[in-house]
Every structure is written in C-alpha cells, then in structure tokens.
Amino acid sequence: MNWYEHLYVGERISQDAGQIREQIEAGNYSRRVWLILLSSNGTDLFDIRPAPDLGKEYFREREMYVIGLAKNRDEAVSLIPQIAADYLSDGAVSRYIGEIRRSFRD
C-alpha cells in the first residue's frame, strides 16, 4: 500500500489520521474509516472504499495508492471536489492523477 505524501484528510478524523494510517499499515482494518484510492480500473479517477475491504483477498493482491482518509463515505465524497479543485486551475485533473501516480514511483 502506498500513501500520497500530501494525504487528503477529512475534518472528522484529522486529529487521528496518523494513528489510523499506522493501524491500516499494520493490517488492522477494523476501524470504520473510508479511503480514497486512485482507481484500480484505469477508467475512473478514484475508488472510495471502507477500510475493512482492504482485508479481502482482492485488495490484498493489488497495489493500492491511498490519497485520502475520511470518517465515512459522505466525507470521502466531499473531499473529491477539493482534490479536483486543487488542480483544476490548469484544467487537467487527469494529468494531476498521472502526477500522483508518478509520485508513488519516485
């Protein structure tokens, strides 16, 4: 699992984000938080998944790129416009997603 260095974090979990990340990295997916991931299908921009899903075989077998954490699905969805707005000024959200993907390779 790869974490974006400028992780987007919802207000409702901002104080616990470091601890939540550590728990997820340790394989403790019991905490009910949601992750914003770069899309695994190459068509969509993002996947929004509850942390317990990461314990399923499908997700354990895949390379994941976490760009955001949220307390619930609604908060995760509310972060998407912020992510897009941060890079809409140059008119290329998909280019920004490509930059995020490259940052994980560096």
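The values are calculated or read from the model by the stated rules, or taken from the named source; none is laboratory data. All figures in this text were calculated on a predicted structure; none of them were measured in a lab. Note that each Cβ is placed from the backbone with ideal geometry, even for glycine, and that neighbours are counted across all protein chains shown.
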Item to check | Which listed residue, of 82, 15, 19, is in a helix (DSSP H, G or I) and touching a residue at least 60 places away in the same chain (Cβ under 8 Å) | outcome: 82
Checklist entry - Under 7 Å by Cβ, and 6 or more places apart or on different chains, what pairs join a residue from region 52-72 that is assigned to a loop (DSSP other than H, G, I, E, B) with one that is at pLDDT below 95 and among the β-branched types (Val, Ile, Thr)? => result 71/13; 71/33
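Please verify whether residue 50 is touching a Phe, Trp or Tyr at 6+ places or on another chain (Cβ under 6 Å), within 23 Å of residue 13 (Cα to Cα) and either at pLDDT 80 or above or of a type outside the set (Ser, Thr, Tyr) (or both), treating the condition exactly as stated. Explain how you work it out, then say what you get.
Working: touching a Phe, Trp or Tyr at 6+ places or on another chain (Cβ under 6 Å): yes; within 23 Å of residue 13 (Cα to Cα): yes; either at pLDDT 80 or above or of a type outside the set (Ser, Thr, Tyr) (or both): yes.
Against the criterion (touching a Phe, Trp or Tyr at 6+ places or on another chain (Cβ under 6 Å), within 23 Å of residue 13 (Cα to Cα) and either at pLDDT 80 or above or of a type outside the set (Ser, Thr, Tyr) (or both)), residue 50 qualifies.
Kindly provide the set of residues from region 1-35 that are under 13 Å from residue 100 (Cα atoms) and touching a Leu at 6+ places or on another chain (Cβ under 8 Å), ordered by number. Step through it out loud before you land on a result.
Our first condition is that a residue be under 13 Å from residue 100 (Cα atoms); within region 1-35, this holds for 2-8.
Those that are under 13 Å from residue 100 (Cα atoms) and touching a Leu at 6+ places or on another chain (Cβ under 8 Å): 7, 8.
Within region 27-37, restricting attention to residues that are at pLDDT below 90 and on the phi < 0 side of the Ramachandran plot, which residue is surrounded by the most Cβ atoms within 10 Å (Cβ to Cβ)?
Going through region 27-37, the residues at pLDDT below 90 turn out to be 27-32.
Those left that are additionally on the phi < 0 side of the Ramachandran plot: 28-32.
Working: 28: 13, 29: 18, 30: 9, 31: 14, 32: 10.
Taking the candidates together, the pick is 29.
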Item to check | Residues of region 1-43 that turn out to be of a type in the set (S, T, N, Q), over 14 Å from the mean Cα position of the chain (by Cα) and within 17 Å of residue 60 (Cα to Cα), as a count | outcome: 4
Item to check | Sole exception among (1) touching a Gly at 6+ places or on another chain (Cβ under 8 Å); (2) more than 16 Å from residue 82 (Cα to Cα); (3) hydroxyl-bearing (Ser, Thr, Tyr) for residue 8, by number | outcome: (2)
